[in-house]
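Trainee: Quick one: this structure, given as structure tokens, is what I'll be asking you about.
The values are calculated or read from the model by the stated rules, or taken from the named source; none is laboratory data. Just so we're clear, the structure is a prediction, and the values are computed from it rather than from any experiment. Note: ideal-geometry Cβ built from the backbone for every residue, glycine included; neighbour counts use all protein chains shown. Protein only, heavy atoms only, side chains kept; ligands, DNA and RNA dropped before computing areas. Shrake-Rupley method; radii C 1.70, N 1.55, O 1.52, S 1.80 Å.
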Amino acid sequence: MDAPMITDGVLIQRYVAGNQAAFETLLKRHRARIFTSIYVLVNDRYLAEDIFQEVFIKVIQSVNAGKYSHEDKFLPWAMRIARNLSIDHIRQRKRMPMITDSEGGDIFDNIGLFEKSPEQLRIEKDKNAQLRAMIWKLPEEQREVLVLRHYADLSFKEIAVLTESNLNTCIGRMHYAVLNLRKMMQKNTVVVK
Amino acid sequence: MDAAITQTDLLLYYYDECSADRKAMIDSQLPANPEWQSYLNSLSDLFHDLDFVAIPNPTTVNIVLEESISFSSPVGSE
């Protein structure tokens with residue numbers, strides 16, 4: 001059915017050897033997970049676009065400088081860069097006036113997007129904005145683990161390494177994130193279905 | 001909740017990250033344990049609600065791709 005997937009490590013080797021299409025494949029493979037994670041972490045579409053660019057420019061520089069040594073662990077490596085840059089930007093933003101989020105900038109790539117009516121899309125967009133706002137209200141450590149596990153699809157072990165935390169601490173943070181989100185949802189009665 | 005199995009175990013089970021013996025234990029006891037089922041269902045509902053995917057703007061992607069071309073210097077495989 002599906003052709004065997006070329007691993008990330010092989011794609012990087014091919015790109016370094018001059019195969020541009022390999023980089024494009026790598027970017028397309030991971031763009032949604034990395035971008036969604038950044039977006040949820042910083043809760044600002046425009047800032048997320050900037051950070052996404054920065055992440056991949058760092059990736060390009062490191063790979064071309066021969067500094068990539070993670071073989072098929074591309075996603076955790078790229079997510080480490082994304083996470084660190086997001087934290088830097090969040091800290092900078094705390095010291096600066098709030099950047100207002102765009103009203104029309106959200107392009108959510110849901111399955112069946114094109115089959116939905118404008119009204120359905122509007123409802124979905126509102127719901128997504130509410131959910132992002134709730135995630136944003138979580139304590140930073142809980143938000144981080146939730147985003148890395150749920151949106152970046154990293155394992156708890158990978159998250160523990162990335163955040164330099166104990167595995168049980170990461171799992172505990174996820175557990176509390178779940179409890180807190182559930183409480184917030186009940187309180188705010190988000191339309192979720 | 002069973003004394004031996006905690007919500008943390010169930011969270012790991014949900015993500016298919018618990019140890020093989022824990023998984024076997026949960027698999028075998030789950031049908032008779034509505035409390036676990038309820039917890040797993042609530043996780044499933046919550047994560048389903050959180051499921052959304054955002055993609056970067058095509059302009060952003062193009063900038064990255066242009067950058068990748070300008071940095072790339074074919075070196076040939078050894």
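Trainee: Would you pick out the residues in region A:125-145 that are open to solvent by less than 50 Å² (accessible area, probe 1.4 Å) and of a type in the set (Asp, Glu)? Reasoning before the result, please.
Mentor: From region A:125-145, those open to solvent by less than 50 Å² (accessible area, probe 1.4 Å) are A:127-129, A:131-135, A:138, A:142-145; that's our starting set.
Hit for region A:125-145 is A:GLU144, nothing else.
Trainee: Can I ask one more? Take A:ILE6 and tell me if it is under 30 Å from A:LEU146 (Cβ atoms) and not aromatic (Phe, Trp, Tyr).
Mentor: Numbers: under 30 Å from A:LEU146 (Cβ atoms): no; not aromatic (Phe, Trp, Tyr): yes.
So A:ILE6 fails the test.
Trainee: Exactly one of these conditions fails for A:LEU41: (1) assigned to a helix (DSSP H, G or I); (2) open to solvent by 60 Å² or more (accessible area, probe 1.4 Å). Give me its number.
Mentor: So the condition that A:LEU41 fails would be (2).
Trainee: Looking at region A:103-131, I want the residues that are away from chain B (no Cβ under 12 Å) and have a partner that is modelled with pLDDT of 60 or more and surrounded by 13 or more Cβ atoms within 10 Å (Cβ to Cβ) with Cβ atoms under 9 Å, at least 6 apart or on another chain. Which pairs are those?
Mentor: Within 9 Å, the pairs are A:LYS116/A:GLU124.
Trainee: Separate question: Limited to region A:172-188, what total is found for residues that are open to solvent by 40 Å² or more (accessible area, probe 1.4 Å), within 12 Å of another protein chain (Cβ to nearest Cβ) and more than 18 Å from B:HIS48 (Cα to Cα)?
Mentor: 1
Trainee: Please go through region A:1-38 and pick out each residue that is surrounded by fewer than 18 Cβ atoms within 10 Å (Cβ to Cβ), at the interface with chain B (Cβ under 9 Å from one of its Cβ atoms) and assigned to a helix (DSSP H, G or I).
Mentor: Within region A:1-38, A:GLN13, A:GLN20, A:GLU24, A:LYS28, A:ALA32 meet the criteria.
Trainee: Then there is this: Checking A:HIS89 against (1) in a helix (DSSP H, G or I); (2) surrounded by fewer than 16 Cβ atoms within 10 Å (Cβ to Cβ): exactly one of these is not met. Which one?
Mentor: Result: A:HIS89 passes all but (2).
Trainee: Continuing with this model, one more query. Tally the residues that are within 11 Å of chain B (Cβ to nearest Cβ), in a helix (DSSP H, G or I) and either open to solvent by less than 20 Å² (accessible area, probe 1.4 Å) or of a type in the set (D, E, K, R) (or both), restricting the search to region A:146-171. Give the derivation first.
Mentor: Filtering region A:146-171 down to residues within 11 Å of chain B (Cβ to nearest Cβ) leaves A:146-147, A:149-151, A:153-159, A:167-168, A:170-171.
If we keep only those that are in a helix (DSSP H, G or I) as well, we get A:146-147, A:149-151, A:156-159, A:167-168, A:170-171.
So of that shortlist, the ones also either open to solvent by less than 20 Å² (accessible area, probe 1.4 Å) or of a type in the set (D, E, K, R) (or both) come out as A:146-147, A:149, A:151, A:156-159, A:170-171.
Number of matching residues: 10.
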